[in-house]
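What follows is a short report on a single structure.
What follows draws every value from the coordinates through simple rules; no lab data is involved. This one's a predicted model, so the numbers in the text were calculated from it and none came from an experiment. Cβ sites come from the backbone with ideal geometry, for glycine too, and all protein chains shown count toward neighbours.
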Amino acid sequence: MKTKIGVVSLGCDKNRVDTEVMLANLVQGGYEITSEPSEADVIIVNTCAFLESARKEAIDTILEMANFKRDGHCQKVIVTGCLGQKFGDELYRDLYEADAIVGTYEYDKICDIVAETLDGNRNLYRGCNEGVTFGARILTTAPHVAYLKIADGCDNYCTYCLIPYIRGRYRSITLESAVGQARELAEKGVKELILVAQDVTRYGKDLYGAPKLVELIRELSQIQGIQWIRLLYCYPELMTDSLLEEIVHNPKVVKYVDIPLQHVNDGILRKMNRRSNGESIRILFDKLMQKGISVRSTFICGFPGETNETIAEVDEFLRSYKLRNVGFFAYSREEGTAAAKFDCQVSARTKQRYVKKLYATQYAVANELNQSDVGKTYDCIIDESDGKDGEYYLYKGRAYFMSPEIDGCVYVTSRKPLEIGSMYPVKISGVLEYDLTGEIVE
């Protein structure tokens, strides 16, 4: 009987791709994957370590999975990912519930690691930050959606961020590798391809001497079956005019980008070691608005030196540019980053007050935009069925300005059954907070 492996994946979509490669390696190695931890002989927890809250979630999950050694079939718990890469020595020393600690660049060895761990060996496996996790994948997304990780690591060294110390320097995969993997995904039925990296706009600079994102997009656009190409995590300073024009004029590129601004105040941006300033950000966003490109962004609230005035500047930006999707995060003081040593640290209570204030502003902006959608018709990709209500079939779908799992959705009704993964014109009929309702246009 095959050894059953349960896998829990935490953190970002880049981590999800690592998990999918690991799953494929396990299946190729003769292991059976189960979604029920109580049935697993080995449970693997692929962790995030970006923030203190993510590390707490990871530790809590590891301890929860370790309970299955007592209450289930589980023999071993293996910890993989960013937590093992950055804090492997501490985990190996103190977290006895973990029977193996594995970093972010050992996924190709996972079958051997499982076998060695089952044999009773407790080890720390942690290699150098080289290359990008690559290989066959078992998708954990909807079958018609897949993430394509085009690079790993980061060279920006923002003063609040641990990523360069966990994932290393920025490393792109080759154009040929990216296109080849995308073709394989298309052959499996993927229609929406989501490009991810810590900074996708920097793609190829390390290999080719200059960013090659536009060239990559054009190559991916030639792949039959791919209908939508979505860009996540575009840093503002490399959102060039040529990239904007490609987004506007390439029919397969979704008119949506994720640009993690983090702030718009010049002083805060300098302290964050960001390479943009308030003026350059506003010039870029004027162009984005003129070209009809929808934007998701994130902002850090309560960075050292934050004041009511700097938060008011973000508030004014939100009211002026009316972004559809925005996340706000209280600054997390991470040991090992430059910002952890800065003066003028902001209290937790004040940080939460700033977050609450900006969310209130964004809620009003999003509601205004959603209300303006009523009566409009959008092409929507159908993600899943919601059953049937009388003579109507019910579905969840997304318009172009909705990235899966992080943005809202469109609740769709249809008199006829629809094909999951296909696109249909949907006339918007109502608003449910951040979500929309609509009907198929017959």
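Report, in deg cm²/dmol and to the nearest 500, the calculated mean residue ellipticity at 222 nm for the chain, where each DSSP H run with n ≥ 4 adds -39500 (n - 2.57) and the sum is divided by the residue count.
On the way: 14 runs with 156 residues, N = 442.
The per-residue figure over the chain is -10500 deg cm²/dmol.
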Among Thr310, Ala348, Val431, whose Cα lies farthest out toward the positive end of the dipole of the chain, if unit charges sit on the beta carbon of Lys, Arg (+1) and Asp, Glu (-1)? Thr310
In whole angstrom, the spacing between the Cα centers of region 204-232 and region 103-122 equals 34
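Go through region 108-190 and name the GluC sites (Glu not before Pro) that are in a DSSP coil and have 16 or fewer other Cβ atoms within 10 Å of their Cβ.
Glu130
Calculate the all-directions average of the projected area of region 31-165's alpha-carbon convex hull, and give it in nm². The partial results should precede the final answer.
Values: hull surface 36.9 nm².
Quarter of the Cα hull surface area: 9.2 nm².
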Using only Cα atoms, locate the centre of region 315-357 and the centre of region 25-59, then give the distance between them in Å, rounded to an integer. 31
Which ³J(HN,Hα) values in Hz, rounded to whole numbers, follow from the phi angles of region 3-16 under the Karplus curve 6.51 cos²θ - 1.76 cosθ + 1.60, where θ = phi - 60° and Gly and Pro get x? 6, 8, 10, x, 10, 10, 10, 10, x, 7, 5, 5, 5, 4
Cβ-placed point charges (K, R +1; D, E -1), dipole of region 351-393 about Cα centre in debye, nearest 20: 700
Inter-part distance where region 129-189 and region 62-81 are each reduced to a Cα centre, Å: 28
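Assigning unit charges at the beta carbon (Lys, Arg +1; Asp, Glu -1) and nothing else, what dipole magnitude in debye, to the nearest 20, does region 329-442 show about its Cα centre? It would help to have the intermediate numbers written out before the result.
On the way: 14 positive and 18 negative charges, 133 e Å.
For this selection, approximately 640 debye.
Which net charge results for the neighbourhood of Ala312, defined as the other residues with beta-carbon distances under 12 angstrom from its beta-carbon, given Lys and Arg at +1 and Asp and Glu at -1?
Details: positive: Arg319, Lys357; negative: Glu306, Glu309, Glu313, Asp315, Glu316.
So the surrounding residues net to -3.
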Can you compute the FRET efficiency between Arg349 and Asp435 using 1/(1 + (r/R0)^6), with r the Cβ-Cβ distance and R0 = 30 Å? Round to the nearest 0.05. 0.45
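Return the loop-located chymotrypsin sites (Phe, Trp or Tyr not before Pro) in region 1-110 (DSSP other than H, G, I, E, B) with at most 10 other Cβ atoms within 10 Å of their own Cβ; answer none if there are none. Before the final figure, lay out the partial values.
Numbers: sites: Tyr31, Phe50, Phe68, Phe87, Tyr92, Tyr96, Tyr105, Tyr107; in loops: Tyr31, Phe50, Tyr96, Tyr105.
Here the sparse-neighbourhood loop sites are Tyr96.
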In debye to the nearest 20, how big a dipole does the chain give about its Cα centre with +1 on each Lys and Arg Cβ and -1 on each Asp and Glu Cβ? 740
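Write out the GluC sites (Glu not before Pro) in region 304-347 meeting two conditions: DSSP loop, and at most 13 other Cβ atoms within 10 Å of their Cβ.
Values: sites: Glu306, Glu309, Glu313, Glu316, Glu334, Glu335; in loops: Glu306, Glu334, Glu335.
Filter output for region 304-347: Glu335.
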By how many nm would the segment from Asp112 to Asp206 lengthen if fully extended, with 0.36 nm per residue of separation less the alpha-carbon distance? 30.6 nm
Using the Cα atoms of region 208-309 to build a convex hull, what is its mean projected area in square nanometres? 7.5
Compute the Cα gyration tensor for region 117-246, then decide on rounded, prolate or oblate, letting a ≥ b ≥ c be the square roots of its eigenvalues: rounded whenever a/c is under 1.5, prolate when a/b is larger than b/c in the other cases, and oblate in all that remain. oblate
Considering only Val45, Ile293, Val410, whose Cα is most displaced toward the positive end of the charge dipole of the chain, charges sitting on Cβ of Lys, Arg (+1) and Asp, Glu (-1)? Ile293
Whole-Hz Karplus couplings 3J(HN,Hα) for region 242-258, θ = phi - 60° and coefficients 6.51, -1.76, 1.60, Gly and Pro as x, run 5, 5, 4, 5, 5, 4, 6, 9, 8, x, 8, 8, 5, 7, 7, 9, 9
Given the options Leu118, Ile62, Ala151, identify the residue whose Cα lies farthest towards the positive end of the charge dipole of region 60-152 (+1 on Cβ of Lys, Arg; -1 on Cβ of Asp, Glu). Ala151
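Assuming 0.36 nm per residue, please report the length gained on full extension of the stretch Glu52 to Cys128 beyond their Cα-Cα distance. Write out the running numbers ahead of the final one.
On the way: separation 76, 0.36 × 76 = 27.36 nm, distance 2.33 nm.
Full extension from Glu52 to Cys128 adds 25.0 nm.
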Counting Lys and Arg as +1 and Asp and Glu as -1 over every other residue whose Cβ sits under 12 Å from the Cβ of Gln227, the net charge comes to +1
Given a Förster distance of 45 angstrom, what is the FRET efficiency for His249 paired with Tyr96, based on the Cβ-Cβ distance and rounded to 0.05? 0.20
Quick query: amide H of Ser294 versus all other amide H atoms, modeled in the peptide plane; which residues come in under 5 Å with a sequence gap of 5 or more or a different chain? Tyr256, Val257
